[in-house]
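Each value in this text was obtained by applying a stated rule to the coordinates, not by laboratory testing. For clarity, every value in this text was computed on a predicted model and none was experimentally measured. Cβ placement follows ideal geometry from the backbone for every residue including glycine, while neighbour counts extend to all protein chains displayed.
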Amino acid sequence: MAQKVKIWYDAEGDFIEVLFSDKAGYMRETENDAVMERVDEQGNILGFSVMHVSELKKQKPLVAELA
């Protein structure tokens, strides 16, 4: 079954956001300072955002675990 994914890139803010769902939710921190996850009230992952995207090309791959 196909699933739509929305991807937003903000060049001025230097971040990217990936959304798996349009449901209401909130952002919470992950163990990686550059990554925030969007979750619903039950803790289900709705998407994630990555800050300082332009710096990724200077480093090793970004690794983050979404709960």
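Points worth noting:
- Sites counted here are GluC sites (Glu not before Pro) in a DSSP loop (not H, G, I, E or B) having no more than 11 other Cβ atoms within 10 Å; the longest part of the chain that contains none of them is 42-64.
- Legend: calculated FRET efficiency, Val5 to Leu62, from the Cβ-Cβ distance at R0 = 22 Å, rounded to 0.05, equals 0.80.
- The chymotrypsin sites (Phe, Trp or Tyr not before Pro) of the chain meeting both criteria, a DSSP state outside H, G, I, E and B (loop) and at most 15 other C-beta atoms within 10 angstrom of the site's C-beta, are Phe20.
- Net charge, Met36 excluded, C-beta distance under 10 Å - Lys, Arg +1, Asp, Glu -1: -2
- Straight-distance candidates among the lysines for linking to Lys57, with alpha-carbon spacing under 28 Å and chain neighbours fewer than 8 residues away dropped: Lys4, Lys6.
- With a simple spin-label model that places each label point 7 Å from the Cα along the Cα-to-Cβ direction, the separation between Phe20 and Asn44 comes to 1.0 nm.
- Cα-based radius of gyration of the chain once divided by 2.2 N^0.38 Å, which approximates compact folds: 1.14
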